[in-house]
Amino acid sequence: MSDTIVSLSPPRRSALLWESRTALELARMMVPLLNARRLPPSARAGAYVMVVPGFGASDRSTAPLRHYLERRGFNTEGWGLGKNMAGVDLPHELDDLSDGWVFTPKAEYCGEGSVPYLCDRLMDRLRERHAEVGQPISLIGWSLGGYLAREAARDLPDIVDRVITMGSPTVGGPKYTAAAGFFRKRGMDLHWIEDGIEKRELRRIGQPITAIYSKSDAIVSWEAAIDRYSDRVRHIEVDAPHLGMGFNPTVWSHVVAALEEDAK
């Protein structure tokens, strides 16, 4: 496993030009939004779905996808935790993390556990919502949001019934993404983060996972979005920019199919 991870690298900076296609995705999404009411209700209409935004984004970024799912009959909501800043905006110490996180002791802590700390906040939110709605919750996560969704599912098997990720890193954390520099500038040890992620994978995710990825992704290395650990994962390749995945009609159709999977 480690040999595969070492061979990975972040997307080339020159590939960022491909992300300009996001403007096209924004235009294309209007047709399925307008036509959604003419489609039959989902076979799982009434199911609860929470959508987790990516790094630097808030629930506003996932509003079109949530609106589309609502028109198909799903009870859909955002994560309700504001802008996803990977937890660097949340004061904490390594000892503040919940017991599910396994890390090598660190002499100088520079915030490497910020994402796990944010994930703990997401899990608190999921416990609260589950107690209120009385039903399992499906998680959809875009980019970093997908990583958070995966880890929440790992610790909450009785609350999260499935996970759908869009361009989300499965290995390395930020190491194989365009955001690596942001974390390095804060003094974070990305190798230490990667090691902790790999240790956590020793406890497998039991719920079904649908991992949507794009080889033209210029933000997250598509190889890092491949789940090499989970037994119940299905990978779906799409042609979409990373920043446009949440607006892409093809991605939306795959999301609906994944949400309906056990109803067929």
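The string of couplings for region 86-95 from the Karplus curve (6.51, -1.76, 1.60, θ = phi - 60°) is 6, x, 5, 8, 10, x, 6, 10, 4, 5 Hz, one whole number per residue in order, with x for Gly and Pro. Which of the helices in the chain meet the span-like rule: DSSP H, Cα axial reach of 24 Å or more, Kyte-Doolittle mean at least -1.0? For the chain, where a helix must reach 24 Å along its axis and average at least -1.0, the hits are 114-133. Only one item in (1) 13.4; (2) 21.3; (3) 23.2 matches mean projected area of the Cα convex hull in nm² derived from the coordinates shown, and that item is (1). Charge tally for Leu94 (other residues, Cβ to Cβ under 11 Å; Lys, Arg +1; Asp, Glu -1): -4.
Other residues lying with their Cβ under 10 Å from the Cβ of Ser114 contribute a combined charge of -1, Lys and Arg counting +1, Asp and Glu -1. Under 5 Å from the amide H of Val160 lie the amide H atoms of Ile137, each residue being 5 or more positions distant or on a separate chain, with H modelled from the backbone and absent for Pro and chain starts.
The numbers here are math on the coordinates, done by the rules we state, and not lab data. Note that the coordinates shown come from a computational prediction; the quantities given were computed from them, not determined experimentally. Using ideal geometry, Cβ is built from the backbone for each residue, glycine included, and neighbour counts are taken over all protein chains shown.
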